[in-house]
1. Answer with yes or no whether A:Val12 is more than 23 Å from B:Ile96 (Cα to Cα), surrounded by 14 or more Cβ atoms within 10 Å (Cβ to Cβ) and either away from chain B (no Cβ under 14 Å) or of a type in the set (S, T, N, Q) (or both).
2. Residues that are within 11 Å of chain A (Cβ to nearest Cβ), out of contact with any His (no Cβ under 6 Å at 6 or more places or on another chain), touching a residue at least 40 places away in the same chain (Cβ under 8 Å) and surrounded by 13 or more Cβ atoms within 10 Å (Cβ to Cβ): does the stretch B:71-82 have at least one?
3. Could you please find all residues in the stretch A:53-107 being surrounded by 21 or more Cβ atoms within 10 Å (Cβ to Cβ) and part of a loop (DSSP other than H, G, I, E, B)?
4. For B:Ile86, only one of the following conditions fails: (1) open to solvent by less than 10 Å² (accessible area, probe 1.4 Å); (2) more than 10 Å from chain A (Cβ to nearest Cβ); (3) more than 19 Å from A:Gly99 (Cβ to Cβ). What is its number?
5. If I go through the stretch B:39-74 residue by residue, how many of them are outside any strand (DSSP E or B), out of contact with any Leu (no Cβ under 8 Å at 6 or more places or on another chain) and among the polar types (S, T, N, Q)?
6. Would you say B:Thr20 is part of a strand (DSSP E or B), without any contact (Cβ under 8 Å) to a residue 60 or more places away in the chain and more than 21 Å from A:Tyr35 (Cα to Cα)?
7. In the stretch B:22-40, which residue that is within 11 Å of chain A (Cβ to nearest Cβ) and open to solvent by 50 Å² or more (accessible area, probe 1.4 Å) is farthest from B:Glu5 (Cα to Cα)?
8. Of everything in the stretch A:23-70 that's aromatic (Phe, Trp, Tyr) and within 11 Å of another protein chain (Cβ to nearest Cβ), which residue is nearest to A:Gly95 (Cα to Cα)?
Amino acid sequence: DAGITQSPRHKVTETGTPVTLRCHQTENHRYMYWYRQDPGHGLRLIHYSYGVKDTDKGEVSDGYSVSRSKTEDFLLTLESATSSQTSVYFCAIKGGSSGETQYFGPGTRLLVL
Amino acid sequence: KNEVEQSPQNLTAQEGEFITINCSYSVGISALHWLQQHPGGGIVSLFMLSSGKKKHGRLIATINIQEKHSSLHITASHPRDSAVYICAVRGTDKLIFGTGTRLQVFP
């Protein structure tokens, strides 16, 4: 357990509304990631962060923005939610004895109607 | 073509059977990860390997860098092994994931 929590765990929203998902870690890891998981696809990277205020895009970043103002929090914002953003969102950190193991949060189920 | 391919996509077994899940990749990698996703959705890291073989309990992971192939074996399978097993490869500092193998083990 790498002390990763996500909030909310479930959310239903309407098309066009902004949504913010929060990832919180308690162990001061430098790298944090946001993924989405959809049927028929592997986990896909949305954005990642390698330090406070240091972020970069992943392969499916369109329609998403992130912010990291504190080491422990990494926020994912859907600026104007669309039905194609209905998914399960996972936050992860990189750590462990090798420094390369990824630990995942419990996930957030988002439904955009 | 996906950069990481897993086979089979679905697998059913009787308790006690030996299980093999395969992962092939087409990119250069620095390491390969095996993950387990429980029916409730949580994802747990099982192994990270860059060469040879690793063993943890009834789980064994092997990798052949020259052939760009890895296998995850489960010996003496048990219903609690029922899960989705995900292979992921590390290129630079990002992971590329396979779509997973859904394993169901029946008593």
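1. On the way: more than 23 Å from B:Ile96 (Cα to Cα): yes; surrounded by 14 or more Cβ atoms within 10 Å (Cβ to Cβ): no; either away from chain B (no Cβ under 14 Å) or of a type in the set (S, T, N, Q) (or both): yes.
No: the conditions fail for A:Val12.
2. So in the stretch B:71-82, the residues within 11 Å of chain A (Cβ to nearest Cβ) come out as none.
No; the residues of the stretch B:71-82 include none that is within 11 Å of chain A (Cβ to nearest Cβ), out of contact with any His (no Cβ under 6 Å at 6 or more places or on another chain), touching a residue at least 40 places away in the same chain (Cβ under 8 Å) and surrounded by 13 or more Cβ atoms within 10 Å (Cβ to Cβ).
3. A:Ala81, A:Gly105, A:Gly107
4. (2)
5. Start the filter on the stretch B:39-74 by keeping residues that are outside any strand (DSSP E or B), which leaves B:39-42, B:50-51, B:57-58, B:65-68.
With the extra rule that they be out of contact with any Leu (no Cβ under 8 Å at 6 or more places or on another chain), the set shrinks to B:39-42, B:51, B:57-58, B:65-68.
Now narrow it down to the ones that are among the polar types (S, T, N, Q): B:51, B:66.
Residues in the stretch B:39-74 being outside any strand (DSSP E or B), out of contact with any Leu (no Cβ under 8 Å at 6 or more places or on another chain) and among the polar types (S, T, N, Q): 2 in total.
6. On the way: part of a strand (DSSP E or B): yes; without any contact (Cβ under 8 Å) to a residue 60 or more places away in the chain: yes; more than 21 Å from A:Tyr35 (Cα to Cα): yes.
Yes: the conditions hold for B:Thr20.
7. My answer is B:Gly40.
8. Among them, the one singled out is A:Tyr31.
The values are calculated or read from the model by the stated rules, or taken from the named source; none is laboratory data. Everything quoted here is computed from the prediction, not taken from an experiment. All Cβ positions, glycine included, derive from the backbone under ideal geometry; neighbour counts span all protein chains shown. Note: areas computed on protein heavy atoms with side chains; ligands, DNA, RNA excluded. Shrake-Rupley method; radii C 1.70, N 1.55, O 1.52, S 1.80 Å.
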